[in-house]
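Below: the structure, in structure tokens.
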Amino acid sequence: MTRLADTAIDKLRGNVDGQVVLPDDDAYDAARAIWNAMIDKRPAAIVRCASDSDVVKTVNFARDNDVLIAVRGGGHNIAGNALCDGGIVADLSQMNAAKIDVPAKRATVEGGARLADFDAAAQAHGLATPLGINSTTGVAGLTLGGGFGWLSRKYGMTVDNLESADVVTATGKVLHASETENPDLFWALRGGGGNFGAVTRFGFRLHEVGPNLLSGLIFYPIAEAKTVLQQYRDFVAKAPDELVVWTVLRKAPPLPFLPTEVHGTEVLALAFLYVGEAEKGRSLVEPLRHFGKPAGEFIGVQPYTAWQQAFDPLLTPGARNYWKSHNFTKLDDGLFDKVTEYIGKLPSVQCEIFFGAIGCATTKPAPDAMAYAHRDARYVMNVHGRWDDPADDQRCIRWARDFFEASAPYASGSVYVNFLTADEGDRVGAAYGGNYERLAQVKRKYDPENLFRVNQNIRPG
């Protein structure tokens, strides 16, 4: 591990308002813990930034001392890019405010905020923007990779709703990026990941949502999976933008509305949210209850914030996680056969495969309108390997990789960058698609020495 000179560290500590955490400090292990327990990196210093000025000083320190820098937002990234070995971490997690301008329907969100922070602030006024599905996810990482969630069919990708960003660049300057200020940087931030600087503040467009919406889960036994998936495919193709239905295949958790004999068995769950009047939504989702004989269901009106947290118990920090992912323009019967085969081989009770249905509004922008290029994607699949015991690493990772290979013939060839693990550097081109060369040019302008390289890296063009 790089040993930074004590005098340099002392100077940094005296210059920042936040806390500088070093390996010998009692707080060190807690400060370097992130969502994925497979990541065990040991930074030389972690700066818990309290302001934009602290971020600037941390970036300047890394550049001037020629040390690696990682930027931490929510710390949820599967690849562990919130940390680095031997370098310095600009930890923005203390900068987590979300401010809502109700008349303008606009949110200003700091770089360390999590979905729960943003959702709570916006939903206090019946407003929201498309975000992910786990409330502990960081807003920054989600957004910079493109971002999608339950509202995306209606309102687009997260980046489609981004109106501005404040960025600390490699030179230590704070730039405001929007359609009219530094527009090339703004273009790159909307899907280009953390390659262009440390984003300390985001400005989002908001929409009237909820606060109470119809949502639910309908479970089917795995024996009915293929016929349910076929009906699901046809249903989604005709569903209105306001209705989103995702599919999750896994072992059934011990939910109170499921019979005890179903607990721990392989199931297919249809998870849905309707962004509109509940009674209309009930009639629209009724066919989902008749794709077969349900093993159990929960359907009701609840706060949007509650639905955004519904999957949190299955995604708690501290477990070991390994993902593989594909985008799909369509779902083929052959894919359904492979899915049901591999759900029969689950190596852990926590492993799952899900298909997030997007499309509709996400397909409307041109592929080169911003860095996020995959406008033909109708479904994003995540093969989610998850377990607790390090002794199970090889078995669980092999399962995820094997299904990834088996499902590849049915995929589009592109991938959602936020689902890439640390060992998938060969897929960076697939993540950024046809926009890679333009991204490399923007990288050369704003970070020619590749200071910000702890990410799915774009090399300066």
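The values are calculated or read from the model by the stated rules, or taken from the named source; none is laboratory data. Worth saying up front: this structure is predicted, and the values here are computed from it rather than measured. We place every Cβ from the backbone using ideal geometry, glycine too, and count neighbours over all the protein chains shown.
Of note:
- Any chance G191 is closer than 21 Å to R114 by Cβ and either under 23 Å from the mean Cα position of the chain (by Cα) or of a type outside the set (A, V, I, L, M, F, W, C) (or both): yes
- Residue in the range 31-39 that is under 16 Å from F452 (Cα atoms), charged (D, E, K, R) and surrounded by fewer than 22 Cβ atoms within 10 Å (Cβ to Cβ) present: no
- Pairing each residue of the range 391-405 that is in contact (Cβ under 8 Å) with a residue 40 or more places away in the chain and closer than 19 Å to S325 by Cβ with any residue that is of a type in the set (S, T, Y) and in a helix (DSSP H, G or I), provided the two are 6+ apart or on different chains, yields C-beta distances under 6 Å for F403/Y342.
- T58 being outside the structural domain of G14 (by TED's automatic domain parsing) and out of contact with any Pro (no Cβ under 9 Å at 6 or more places or on another chain): no
- For the range 1-49, a residue qualifies if it is of a type in the set (K, R) and in a loop (DSSP other than H, G, I, E, B), and the qualifying residues are R3, R32, K41, R42.
- Filtered residue count, the range 99-135, keeping only those that are part of a strand (DSSP E or B), hydrophobic (A, V, I, L, M, F, W, C), more than 20 Å from the chain's Cα centre (by Cα) and more than 28 Å from L314 (Cα to Cα): 1
- Which listed residue is part of a strand (DSSP E or B) and crowded, with 18+ Cβ neighbours inside 10 Å, from F204, F186, F196: F204
- Options A140, A165: the member that is of a type in the set (A, V, I, L, M), in a strand (DSSP E or B) and not assigned by TED's automatic domain parsing to the domain that holds E242: A165
- Residue within the range 301-314 that is surrounded by fewer than 18 Cβ atoms within 10 Å (Cβ to Cβ) and within 15 Å of L243 (Cβ to Cβ) present: yes
- A search for C-beta distances below 6 Å between a residue of the range 259-278 that is farther than 19 Å from F311 by Cα and any residue that is modelled with pLDDT under 95 and of a type outside the set (F, W, Y), counting only pairs 6+ apart in sequence or on different chains, returns nothing.
- Hey, N96 touching a helix residue (DSSP H, G or I) at 6+ places or on another chain (Cβ under 9 Å), buried (at least 19 other Cβ atoms within 10 Å of the Cβ) and either assigned to a loop (DSSP other than H, G, I, E, B) or of a type outside the set (G, A, S) (or both) or not: yes
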